[in-house]
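Working notes for the structure below.
The values are calculated or read from the model by the stated rules, or taken from the named source; none is laboratory data. Just so it is clear, the structure is predicted and the values come from calculations on it, not from any experiment. Counting neighbours? That spans all protein chains shown, and the Cβs are built from the backbone with ideal geometry, glycine included.
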Amino acid sequence: MKAGSESRRIPEVDVTSLLREMRLGAAIQLLNHRAGCQLDSAAVKAMILAYEIQASRMQTAGETGEARRLARRAAALNSLLVHGPVPAQMVAETELPDGYVGKILMVLLTGGGFDDMVCLRSGDGWHREILLNTQTEIADLGFPDAQVHPLGGAYAGFDSDGSIGIWGTSDEFGCCDKQQAARLIARAYPGKRLRIED
């Protein structure tokens, strides 16, 4: 029988294994708080490539949602390599596909490594569906402790003249701060003219 402290020893957790399981939150904690913990860049690059290949195949097969999910994973891992273990760099600030016309929802990410990050998301369903999809997105990236709070909704659309309009409100969550929505969209689409209506 082992002595007290030996029987309670916690097994070593490998950062690469956590990343393969897409548990970014846990991997970031290890990288930030465990001395000597390092990232295997070659392994992460291989994961990124695998996700990109899978995303391309899914897009070709018409599985747009799955392709987007896999592309987000690749982008998050790439941001880990480029920016280090900073959760706010691993989640896209704005997701608004080129040519989109429809609902948008501004959300606040808190906890799980996020320091009050404001994001903008779009979707063809109800504003509530956009919120649920964003919660799923954040959990899928490996941040199960992060909270996603709605900050209000509106509509956004690309016009034929190349500009992007923002208008309306969400019946369920109220109106988002359209000026802030415009700033988020402007960072995603620099050079595009933005127009706020009503």
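Within the range 183-198, count every residue that is surrounded by fewer than 13 Cβ atoms within 10 Å (Cβ to Cβ) and among the small types (Gly, Ala, Ser).
Of the residues in that region, 1 qualify.
Could you tell me whether Thr94 is within 22 Å of Arg68 (Cβ to Cβ) and either without any contact (Cβ under 8 Å) to a residue 60 or more places away in the chain or of a type outside the set (Phe, Trp, Tyr) (or both)?
Here the answer is yes, as Thr94 does meet what is asked.
Would you point out which residue out of Leu108, Leu96 is in contact with a helix residue (DSSP H, G or I) (Cβ under 7 Å, 6 or more places away or on another chain), outside any helix (DSSP H, G or I) and of a type outside the set (Asp, Glu)?
Leu96
For a quick check of your reading of the model, give me the residue pairs whose first member lies in the range 12-31 and is over 15 Å from Met47 (Cβ atoms), whose second is β-branched (Val, Ile, Thr) and surrounded by 16 or more Cβ atoms within 10 Å (Cβ to Cβ), with beta-carbon atoms closer than 6 Å and at least 6 apart or on different chains.
Sorted first by the residue in the range 12-31, then by its partner, the pairs are Leu30/Val15.
Which residues, counting only those in the range 176-198, are more than 22 Å from the chain's Cα centre (by Cα) and of a type outside the set (A, V, I, L, M)?
The answer is Gly191, Lys192, Arg193, Arg195, Glu197, Asp198.
Hey, any hits in the range 120-130 for a residue that's touching a helix residue (DSSP H, G or I) at 6+ places or on another chain (Cβ under 9 Å), surrounded by 15 or more Cβ atoms within 10 Å (Cβ to Cβ), modelled with pLDDT under 95 and under 18 Å from Glu21 (Cα atoms)?
Among the residues of the range 120-130, not one is touching a helix residue (DSSP H, G or I) at 6+ places or on another chain (Cβ under 9 Å), surrounded by 15 or more Cβ atoms within 10 Å (Cβ to Cβ), modelled with pLDDT under 95 and under 18 Å from Glu21 (Cα atoms), which makes the answer no.
Does Thr110 fit the bill of being crowded, with 18+ Cβ neighbours inside 10 Å and at negative phi?
No, not satisfied.
State whether the residues of the range 122-137 include one that is charged (D, E, K, R), more than 25 Å from Pro85 (Cα to Cα) and part of a loop (DSSP other than H, G, I, E, B).
For the range 122-137, residues charged (D, E, K, R), more than 25 Å from Pro85 (Cα to Cα) and part of a loop (DSSP other than H, G, I, E, B): present.
Considering only the range 171-182, I want to know if a residue exists there that is in contact with a Leu (Cβ under 8 Å, 6 or more places away or on another chain) and closer than 13 Å to Val101 by Cα.
Within the range 171-182, not a single residue is in contact with a Leu (Cβ under 8 Å, 6 or more places away or on another chain) and closer than 13 Å to Val101 by Cα.
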